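Enquirer: One structure, pasted below without further comment.
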Amino acid sequence: MARAEINMTEGNLWRQIFRYSVPLMFSNVLQVLFHMSDIAVVGRFSGPTALGAVGSTAILVTLFTGFIMGVSSGVNATAARYMGAQRHQDTRETVHTSAIICLLLGILVMVLGLIFSRPILELLGTKDELIDGATLYLRIYLLGMPALGIFNFGNAVLSAAGDTKRPLYFLSTAGVINVILNLFFVIVCHMSVAGVALASIISQYISAVLILLSLGKAPENYALRKNELRISRDKAGQVLSLGLPTGFQYSIFAIANLFIQSGVNTFDALMVEGNSAAANADGLIYDVMAAFYTACTSFISQNLGAKKKGRILKCYGISTVYSFGIAAILGGLLLIFGREFLSIFTTDASVIDAGMHRLTVMGFSYAVSAFMDNAIAASRGLGKSVIPTVIVIMGSCVFRIIWVYTIFAHFGTILSLYLLYIFSWSLTAIAENIYFFHIYRKQTKALEA
C-alpha cells in the first residue's frame, strides 16, 4: 500500500478517520473558496451591486455543483467496497466507467445551466439591478462544470483508496492561482463579475488536469488508463444507483433553498446583500463537516467489503462525533467573530448588520445537521441511497417549502425564515437514523450468514 494511503480496515479508527478527514476537509474548503473568493474580490473592489450579483448565484452554483459532487459519492462508495474486498478487476472497471460518467454529467450540467440560468434567476425574483451581472457570472462559471466533474471523480477514487492528501495539494495549487487571477482580472483588467468567473473556471481546469496526471501514475488496481476507458453496464448501474439519488438529493436540497432565497428577496436589497455575504459560512462549514461524511462512507464501504462488521458501527459513531464537534466549534466562532467574517466580503456596515441576522441563527444550528448528514453517509456506505434521499426530500425539502408558505408567510420576519433550517434538520435526522440502524442490522445479519 502506498504511503499516502490509509488502511481503513485495520488500526485505530479515531486516529485513522481524523487523518483521512483533515486533508479532505481542506480540499472541500478550497472548493468553496473558489466561489467565496469571487464574492470577496467583487465585494471589495467592485462594490455592493457586484457583490449582490455574484451572491445571488450562490444557491444555483450549489445546485449545479452539488449534483456533480453527489454523483461522485457513488464513485467513492462503489470503489471503496471493491478495494476493501480486494477485487482489483472490479475496481479498475469502476474507475474507468466512472471517469466517462462524471465527464458526461459535467457537460450535461453545463449545457442545461447555460440554457436555464436567466429564467431561474428571474423566477427567484432576482433584483433588476443584479440580474444581468448574476446571469453573466453564472454562464461563465458553468463552463467549468466538465472540469469539476473530472476533479470530483478523481477525488472520489483517491479518497476511496485512502489518499486524501494529493487532491488537497492539487486544489491548493489551483486555489492560489484562482485568487491571483481574481485580483488580476478585477483590479488590473476591470472585468468585475466576468473576471472572477473566468478565474474560477481556469482554476477548475488546472485542478482537473493535475488529478488526471496523478491517476495515470496511481497503483495499477485504480490507475486511469486511456486504453481501458469504456463503460461497464454493471459498474455504471452500481455507481449511478448510489450517486444519482445523492446528486438529486443535493440538487433538490438546493431547489428547496431557492424558495428560501425567494423569501429573502422579499426584503430590501441590503438584506439580500447581507444574506449573500453570510451564506458563505454555510458552504464553508458544510464542507468542513462533509469531510467526515466522506470518511464515514469510505470506511464503512471498505469494512463492509472486507466483512468486518465490528468496525462499521464504530465508523458511524466516530464520524458523527467529529462532524458535530467541528460544527459546534465553527458555529461558536461565527457567533463571536461574525462581523469580522462578513467584513471579508463587504465594508458596508449596513450589509454587515443584515448579514448578522443569518449568522446569529445559523451559528447555533449547524451542529444539528451532523446527525442527519452522517446517517445518510453511513447508509450510502452500506449501499443504500434511494430511501435516504426520499427521506431528506420530505424532511429537508418539502418541509422547507411548506414552512416558507405557512410559518414565514404568517410572521414575515427574517428570523422566522432562518429558523426553518434547525427544525427541518432535526426532523430529518430522526428519520435518517432510524433507517440507518434498520439497514445496519440487516447487513450485519447477512455477513453472519
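The values are calculated or read from the model by the stated rules, or taken from the named source; none is laboratory data. Just so we're clear, the structure is a prediction, and the values are computed from it rather than from any experiment. Because the Cβ atoms are built from the backbone with ideal geometry, glycine has one as well, and the counts that use them run over all protein chains shown. When the accessible area is computed, the model is the full protein with side chains, heavy atoms only, and any ligands, DNA or RNA have been set aside. Shrake-Rupley method; radii C 1.70, N 1.55, O 1.52, S 1.80 Å.
Enquirer: When the gyration tensor of segment 171-284 is built from Cα positions, what are the square roots of 5 times its three eigenvalues, in whole Å, from largest to smallest? Don't skip to the answer; put the middle values down first.
Expert: Details: eigenvalues 246, 129, 22 Å².
Rounded to whole Å, the semi-axes are 35, 25, 10.
Enquirer: Leaving out ligands, DNA and RNA but keeping every protein chain, what accessible area does residue 402 have, in Å² rounded to the nearest 10, with a 1.4 Å probe?
Expert: Looks like 90 Å² after rounding.
Enquirer: Let me know the shape class of segment 280-413, please: from the alpha-carbon gyration tensor, a ≥ b ≥ c as square roots of the eigenvalues, rounded when a/c is under 1.5, otherwise prolate if a/b is greater than b/c, or oblate.
Expert: Values: a/c = 3.26, a/b = 1.66, b/c = 1.97.
Oblate shape, in that a/c is at least 1.5 and b/c is the bigger or equal ratio.
Enquirer: Using only the Cα atoms of segment 352-418, build the gyration tensor, take square roots of its eigenvalues as a ≥ b ≥ c, and label the shape rounded, prolate or oblate: rounded if a/c is under 1.5, else prolate if a/b is larger than b/c, else oblate. The partial results should precede the final answer.
Expert: On the way: a/c = 4.35, a/b = 1.71, b/c = 2.55.
Oblate, since a/c reaches 1.5 and b/c is not below a/b.
Enquirer: Pairs of Cα atoms under 8 Å, at least six residues apart: use those to get the relative contact order of the chain, whole percent. Spell out each step's value before the answer.
Expert: Values: 745 pairs, mean separation 107.0, N = 449.
Relative contact order for the chain comes out at 24 percent.
Enquirer: How many angstrom lie between the C-alpha centres of segment 208-229 and segment 334-393?
Expert: 35 Å
Enquirer: At 15 Å minimum axial length over the Cα atoms and a Kyte-Doolittle cut of 1.6, report the qualifying DSSP H helices in the chain, or say none. Intermediate results must be reported in sequence, preceding the final value.
Expert: On the way: long enough: 13-45 (46 Å, 0.75); 58-84 (37 Å, 1.16); 88-123 (49 Å, 1.08); 128-141 (20 Å, 0.25); 145-160 (22 Å, 1.19); 165-183 (28 Å, 0.89); 192-216 (37 Å, 1.89); 233-264 (45 Å, 0.54); 280-305 (37 Å, 0.54); 309-342 (47 Å, 1.07); 349-365 (24 Å, 0.74); 369-381 (18 Å, 0.22); 420-448 (42 Å, 0.20).
Qualifying helices: 192-216.
Enquirer: Also: Report, in cubic angstrom per residue, the convex hull volume of the C-alpha atoms of segment 261-313. Can you show the working numbers first?
Expert: On the way: hull volume 4.4 nm³, N = 53.
Cα convex hull per residue, to the nearest whole number: 82 Å³.
Enquirer: Over segment 86-239, what relative contact order in percent results from Cα pairs under 8 Å that are six or more residues apart?
Expert: Numbers: 174 pairs, mean separation 58.4, N = 154.
Reported as a whole number, the value is 38 percent.
Enquirer: Oh, and also: Over what distance in Å are the Cα centres of segment 236-265 and segment 96-147 separated?
Expert: 15 Å
Enquirer: Give me the accessible area per residue for segment 1-153, probe 1.4 Å, as a whole number in Å².
Expert: Working: 5540 Å² over 153 residues.
The answer is 36 Å² per residue.
Enquirer: Considering only protein heavy atoms, what is the solvent-accessible area of residue 190 at a probe of 1.4 Å, reported in Å² to the nearest 10?
Expert: 150 Å²
Enquirer: What percent of all Cα-Cα pairs in segment 37-125 falls into each 10 Å bin, going from 0 up to the bin containing the maximum distance?
Expert: Here the calculated profile for segment 37-125 is 15, 31, 26, 17, 10, 2.
Enquirer: Excluding residues fewer than 8 places away in the same chain, name every one of the lysines whose C-alpha is closer than 26 Å to that of residue 314.
Expert: Partners found: 165, 384, 442, 445.
Enquirer: Separate question: Relative contact order for segment 256-397: what percent, with Cα pairs under 8 Å and sequence separation of 6 or more? Intermediate values should be presented prior to the final figure.
Expert: On the way: 145 pairs, mean separation 51.5, N = 142.
Averaging sequence separation for qualifying contacts and normalising by length gives 36 percent for segment 256-397.
Enquirer: Just the accessible area per residue of segment 317-449, please: how many Å² with a 1.4 Å probe? Don't jump to the answer; show the numbers that get you there.
Expert: Working: 5740 Å² over 133 residues.
With all protein chains present, segment 317-449 gives 43 Å² per residue.
Enquirer: In what order, largest first, do 316, 20, 322 sit by accessible area if the probe radius is 1.4 Å? Walk me through the intermediate numbers first.
Expert: Values: 316 25, 20 0, 322 50 Å².
Order by accessible area, largest first: 322, 316, 20.
Enquirer: Shifting gears a bit: Taking GluC sites (Glu not before Pro) that fall in a DSSP loop and have at most 14 other Cβ atoms within 10 Å as cut points, what is the longest piece of the chain between them? Intermediate values should be presented prior to the final figure.
Expert: Details: sites that count: 10, 220.
Value returned for the longest uninterrupted segment is 221-449.
Enquirer: Tell me the carbon and sulfur percent of the accessible area for the chain, rounded to whole percent, probe radius 1.4 Å. Could you put the intermediate results ahead of the total?
Expert: On the way: 11820 of 17200 Å².
Roughly 69 percent of what the probe reaches on the chain is carbon or sulfur.
Enquirer: So, in nm, how far is label residue 444 from label residue 112 when the simple model puts each one 7 Å beyond its Cα toward the Cβ?
Expert: 3.8 nm
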